[in-house]
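Single-structure report; data block below.
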Amino acid sequence: MGKDTEELQELTEKQYNFVLGIQKGLTKSDAYRQAYDVSNMKTETVHRLASVEASKEKIRGARKTSNGGFSKKTGRNCEFV
């Protein structure tokens, strides 16, 4: 990665739920719908926001881990590079 570890990044609970949905086999859009309130959004908006969310570096990093960057022991976000 770069910039040393300026950035031990944490996932929010919604981001964690988004990653978990993808890891369970949902599409990015369906995972986004599961994690965020999309009740007032058009389908196109959900698709766009899901794509933007999935492209974030900390989301991509969490998707590569087996637990989505979430601590099984504490139930809280883990820091990771």
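Here are the numbers for the structure shown:
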quantity	calculated
Count - residues of region 9-24 that are among the hydrophobic types (A, V, I, L, M, F, W, C), more than 15 Å from L49 (Cα to Cα) and either in a helix (DSSP H, G or I) or at pLDDT 95 or above (or both)	1
Unmet criterion (only one of (1) modelled with pLDDT of 55 or more; (2) in contact with a Cys (Cβ under 7 Å, 6 or more places away or on another chain)) for H47	(2)
Test: residue in region 51-67 that is more than 10 Å from the chain's Cα centre (by Cα), at pLDDT below 95 and surrounded by 13 or more Cβ atoms within 10 Å (Cβ to Cβ)	yes
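The values are calculated or read from the model by the stated rules, or taken from the named source; none is laboratory data. Keep in mind the model is a prediction, meaning the values are calculated, not measured. When we count neighbours, we look across all protein chains shown, and the Cβ atoms used for this are built from the backbone with ideal geometry, even at glycine.
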